[in-house]
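Remarks on the structure that follows.
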Amino acid sequence: MSAAYGVPLGGALFALEVMRGKLALRYVLPALVASIVATGVAWLWLPNQVTYSIPPFPSSASAVAWALVVGPIAGLSAVGFVRLVRWADQSKPKGQQRFWLPIVMLGGLGVVAIWYPQILGNGKDISQLLFADQVAPLLVFALLVLKPLATMMCLRGGVPGGLFTPSLTAGALLGAALGHVWSLVWPGVPGGLFALLGAGAMLAATTQGPISSMVLIMELTGVNRSFLFPLFVIACGAVLVARSVDSRSIYDAKLTDEQIAERQRLRDVTPQQVWPGITR
């Protein structure tokens, strides 16, 4: 992740908080070293630039109030998204279905894309447009349904793909849609800020990693801390509600209960158990 997205700090925190499940001090240095080395090597050939170019968004009372209201909604939406991923993965084609179901699913996706080409891809392009507030409201509401549906169709058809950017895009669409509604009551907040906060909330709730998600949003956009407080509010609210309903993250969605138990056992392994000669 660090090398692919150019996020050395966020990548290390993601590995610790989401994949490892612990922010223990003894794991921080190895994660940071590995992340920095990977990012540095990638930057030798890849451009050192942010993934999403956005203007600096000023914080405001309206944005904070919106974050308080939308945080729980984003948390419930994240739970639904994770459960849909779990269903789609468990329903992957088997037997003869592996030959014709991907054709049906991707063919249907192609037909819909004639009218809504934005559903194609992992969502990076449409997220960029949402952050720049360059998507019409009606299209936002349509994509709020169609884009996650396209992701589930691909997973249901057995087509492999990542979950990080699709989760971020789903959150951006949710934030943009609810932001348009909020602006009717309390105008003044840039539409791109709603999308950005929604992306951070969904990312935090689906990964169950609020700290790494907030750092990732800042590194992916490369902007200052102007929107940090409403991002903190909405991410905490989303994660609190999501964990209260279902503690399974989107990366646990594809695992069985036995695999989750084994993963937890591996998380509890200390460096001394792996390398008996190592000292604290």
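The values are calculated or read from the model by the stated rules, or taken from the named source; none is laboratory data. Quick caveat: nothing in here was measured; it's all calculated off a predicted structure. Glycine also receives a Cβ, built like all others from the backbone with ideal geometry; neighbour counts cover every protein chain displayed.
Listed here are the residues, each with its yes/no results for (1) under 16 Å from L197 (Cα atoms); (2) touching a residue at least 12 places away in the same chain (Cβ under 8 Å); (3) hydrophobic (A, V, I, L, M, F, W, C).
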site: V112; (1), (2), (3): no, yes, yes
site: Q118; (1), (2), (3): no, yes, no
site: L130; (1), (2), (3): yes, yes, yes
site: D133; (1), (2), (3): yes, yes, no
site: P148; (1), (2), (3): no, yes, no
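Within segment 20-41, being surrounded by 17 or more Cβ atoms within 10 Å (Cβ to Cβ) and aliphatic (A, V, I, L, M) holds for A31, L32, A38.
Just to be sure, is I103 over 30 Å from L197 (Cβ atoms), surrounded by fewer than 16 Cβ atoms within 10 Å (Cβ to Cβ), modelled with pLDDT of 95 or more and out of contact with any Ser or Thr (no Cβ under 9 Å at 6 or more places or on another chain)?
On the way: over 30 Å from L197 (Cβ atoms): yes; surrounded by fewer than 16 Cβ atoms within 10 Å (Cβ to Cβ): yes; modelled with pLDDT of 95 or more: no; out of contact with any Ser or Thr (no Cβ under 9 Å at 6 or more places or on another chain): yes.
So I103 fails the test.
If you take the residues in segment 242-266 that are aliphatic (A, V, I, L, M) and crowded, with 21+ Cβ neighbours inside 10 Å, which one is modelled with the highest pLDDT? Outline the logic, then answer.
The initial filter retains those residues of segment 242-266 that are aliphatic (A, V, I, L, M), namely 242, 245, 250, 253, 255, 260-261, 266.
If we keep only those that are crowded, with 21+ Cβ neighbours inside 10 Å too, we end up with 242, 250, 253.
Values: A242: 95, I250: 90, A253: 76.
Within segment 242-266, the match that is modelled with the highest pLDDT is A242.
Filtered by the rule that a residue be of a type in the set (F, W, Y) and at pLDDT 90 or above, segment 38-84 gives Y52, W66, F81. Being under 30 Å from Q97 (Cα atoms), of a type outside the set (F, W, Y) and more than 16 Å from the chain's Cα centre (by Cα): is that true of G188 here? When the stated conditions are applied, G188 does not pass them.
From the list V135, V85, V64, V50, which residue is within 30 Å of P8 (Cβ to Cβ) and crowded, with 20+ Cβ neighbours inside 10 Å? Steps first, answer last, please.
Values: V135 fails: within 30 Å of P8 (Cβ to Cβ); V64 fails: crowded, with 20+ Cβ neighbours inside 10 Å; V50 fails: crowded, with 20+ Cβ neighbours inside 10 Å.
None of the others qualify; the one that does is V85.
Summed over segment 41-69, residues that are free of Cβ contacts under 8 Å to residues at least 24 places away in the same chain and more than 30 Å from Q134 (Cα to Cα) total 2. Being surrounded by 15 or more Cβ atoms within 10 Å (Cβ to Cβ) and modelled with pLDDT under 85 holds for only one residue in V233, V269, V223, and it is V223.
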